[in-house]
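In what follows, a structure is listed as structure tokens, so that the remarks can point back to it.
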Amino acid sequence: MKRCQRLGLVSLPSAYAGVRVTSVDWQRSRNGAAHHTQEYPCPELVVRRGQSFSLTLDLSGDLDSEETLIFTVETGPKASEALHTKAVFQTAELEVDDAWTAVKEAQTGNSMTISLASPPDAVIGRYLLSARASSRRKHSDRKLGEFVLLFNPWCPEDDVFLDSEEERQEYVLNDSGIIFRGVEKHIRAQGWNYGQFEEDILDICLSILDRSPSHQDDPATDVSHRHDPIYVTRIISAMVNSNNDRGVVQGQWQGKYGGGTSPLHWRGSVAILQKWFKGRYKPVKYGQCWVFAGVMCTVLRCLGIATRVVSNFNSAHDTDKNLSVDKYVDSFGRTLEDLTEDSMWNFHVWNESWFARQDLGPSYNGWQVLDATPQEESEGVFQCGPASVTAIREGDVHLAHDGPFVFAEVNADYITWLWNEDESRERVYSDTKKIGRCISTKAVGSDSRVDITGLYKYPEGSRKERQVYRKAVKKLFSVESWGRRTWIRRAGGRGLWRDDLLEPATKPSIAGKFKMLEPPVLGHDLQLALCLTNLTSRAQRVQVNLSGATILYTRRPVAEILHESHAVRLGPQEEKKIPIAISYSQYKEDLTEDKKILLAAMCLVSKGEKLLVEKDITLEDFITIKVLGPAVVGVAVAVEVMVVNPLLERVEDCVLMVEGSGLLQGQLSIDVPSLQPQEKALVQFNITPSKSGPRQLQVDLVSHHFPDIKGFVIVDVATAK
């Protein structure tokens, strides 16, 4: 209403017909190039906020010298100017930064080219555009059609502005990427097809916002908040999982995937999002952390927010919020599941998105942690973030949102307790600083791994790191000390004892570590040794209790595959190696798709000292992919894949599953001939690229005899001459 008064509109007699808009040219090619949106295949124009775009209107006649065109844009139900979901504005001489504007660029006869611009904090989403001549009735607007407005990382006034073209190309426009998995000592790259420019994906991403409980409860208010990346990303973090709503992906961490797809079988987000949409918003089974992160990256890049996938190795899940992962083990180092509520995952994957924190101040602008994996509730919903990475590094865990949980994921102390038969517990020496290692993401413009641990915390053990840790403890807890014990109380929560809150256990007089004697290869026997060293000048006796288990990547044991004891005498300063052999037959039946084994050695020294040595093993596999010739848009090119049967037995019914945005439509399935024990085979097939530039081709060898063997290659596709 205020806008109408400002324009000074005058009602005209109903008999006055006036000039009408008869047609519109949305100039998709010109606008798409200017707004970096030409890859979206949807029929509507897609543009970014805070930046002008052009339309050419055909009019039924000439406008009088004092006549203007009046435009209306509106989004969402019950659109209103009060909620900033509707704007009414007329052609003017100049653009205004904080309002919708229309400026006449040119006119030829009855054809007029208009430059429209939205404010840099406009609500994002699908808009209806209408227009009328100022001489026509107020309610005689001609509906010109719909367009989609996205966040704009190229606009300095937009909260999502990112001041690097290379990073914008990577974090907004790159439709494929790499997710790092494995274990700290053996990090492996997995390709992922984000596919944000694939058919229907933009519509699906907008519908995710519309399916949220916030929208269902109060649609008009929800839409009005969609100008704010803090609000939008938090909603998406809740909607990518299905725990509180009919979100996109249903999690499953039990190793049983009946009635759905194993998380490791997904090669990208497109099939998941399309299945959710076509299935009338029924959650897609199943996902784990990298699947949630891959899907969320697709959605946020699609909406225009620079986003990347981040992997944290040895990631803490601190359920009781005491900044400590307390693990209870028996005398063989086996985790006691019924006592251990906290956990340390081999790796955990989340997202970072880049935007300003208007709620916290400029010091906390930049990368923000978002996690769609449903681990703990936040404000009654399984959502996490945005949490400022800077706030995490500086220990400002009291700031919104979910700082304590993220801080613990990368900083919690890892405490091991031996649980005795009389239900007493004893502190066991182990590496307390193993949480939050090798925090990794894909490099800009290459497939390299970049270690970004320094963005999350100061060097482990440094004075600054300990200062930040103490700062976080003080912000989270009321701390009172009695001697070497500390009573900590979380605001509004129960109190608990935390022994030696900031001090490590006493170092024992022996040292130990596992050493692989041969690379651990899927289908082969494992050969390794436990190396024990006497750190004193006196002889010592050590009881070594060894255990081994196949595990999920969350380190949850599946089945025991090793259980043995050794009595060892160590002379002064002596080192001894205890050989360990685990045959393929021992782990074959119980190996999960994660291909992981956890070994533990509980070392009981003669003077009552206890040392726990652990090793996480990921079994290796092999696949190579070669593109046989130059790749050109519209021209078929051959691809050669070398596969290897990893087993010492003949296998049949193997299949190659192939996927790649811009390289082939959908997925390709290729039967592989039967393979003799450890046989290598070459498989060829053709692809016909449809888009130029670097494209990721994923090829997985799938068999019910062994876990999927995954590979990918980057194909540089040239434009046809």
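Values in this text are rule-based calculations from the coordinates and carry no lab data. Here the structure is a predicted model, which is why all the values come from computation and not from measurement. Glycine also receives a Cβ, built like all others from the backbone with ideal geometry; neighbour counts cover every protein chain displayed.
Points to keep in mind about this one:
- All Cα-Cα separations within the stretch 185-277 were binned at 10 Å from zero, giving a P(r) of 13, 40, 33, 12, 2, 0, each value a whole percent of the pairs.
- Around the Cα centre of the chain, unit charges on the Cβ atoms of Lys, Arg, Asp and Glu (plus for the first two, minus for the last two) sum to a dipole of about 980 debye.
- Label positions at Asp653 and Ser585, each projected 7 Å from the Cα along the C-beta direction, are separated by 2.4 nm.
- Residues in the stretch 648-680 that a label on Lys275 would reach, taking backbone N under 14 Å of a point 7 Å out along Cα→Cβ: 667
- Local net charge near Asn645, Cβ-Cβ under 13 Å (Lys/Arg +1, Asp/Glu -1): -3
- Once the Cα-Cα distance is subtracted from the 0.36 nm per residue extended length, the Arg427 to Phe622 segment shows a gain of 66.1 nm.
- Net charge dipole, the stretch 318-382: roughly 340 debye, given to the nearest 20, about the Cα centre with Cβ charges of +1 for Lys and Arg and -1 for Asp and Glu.
- The stretch 497-618 - charge dipole about Cα centre, Lys and Arg +1 at Cβ, Asp and Glu -1, debye rounded to 20: 440 debye
- 20 Å cut-off, amide nitrogen to a point 7 angstrom out along Gln667 Cα→Cβ, residues in the stretch 292-318: 292-299
- Radius 14 Å from Cβ of Lys576, net charge of other residues (Lys, Arg +1; Asp, Glu -1): +3
- Residues Val633 and Leu455, FRET efficiency given R0 of 51 Å [Cβ-Cβ distance, rounded to 0.05]: 0.85
- In the list (1) 128, 57, 53; (2) 108, 68, 40; (3) 77, 76, 55, the label attached to Cα extents along the principal axes in Å as derived from the coordinates here is (2).
- Phi to ³J(HN,Hα) by Karplus 6.51 cos²θ - 1.76 cosθ + 1.60 over the stretch 511-519, Hz, x for Gly, Pro: 10, x, 7, 7, 9, 6, 8, 9, x
- Among the trypsin sites (Lys or Arg not before Pro) in the stretch 205-267, those located in a DSSP loop and surrounded by at most 11 other Cβ atoms within 10 Å of their own Cβ are Lys256.
- Taking 22 Å as the straight-line reach from the Cα of Lys607, the lysines in range (excluding those fewer than 8 positions away in the same chain) are Lys507, Lys513, Lys576, Lys577.
- Extension gain from Asp62 to Ala82, taking 0.36 nm per residue of separation minus the Cα-Cα distance: 3.8 nm
- Inter-label distance for Lys185 and Ala511, nm, one decimal - labels placed 7 Å from Cα along Cα-to-Cβ: 1.4 nm
- Ellipticity estimate at 222 nm from DSSP helix runs (n ≥ 4, -39,500 (n - 2.57)) divided over the chain, nearest 500: -4000 deg cm²/dmol
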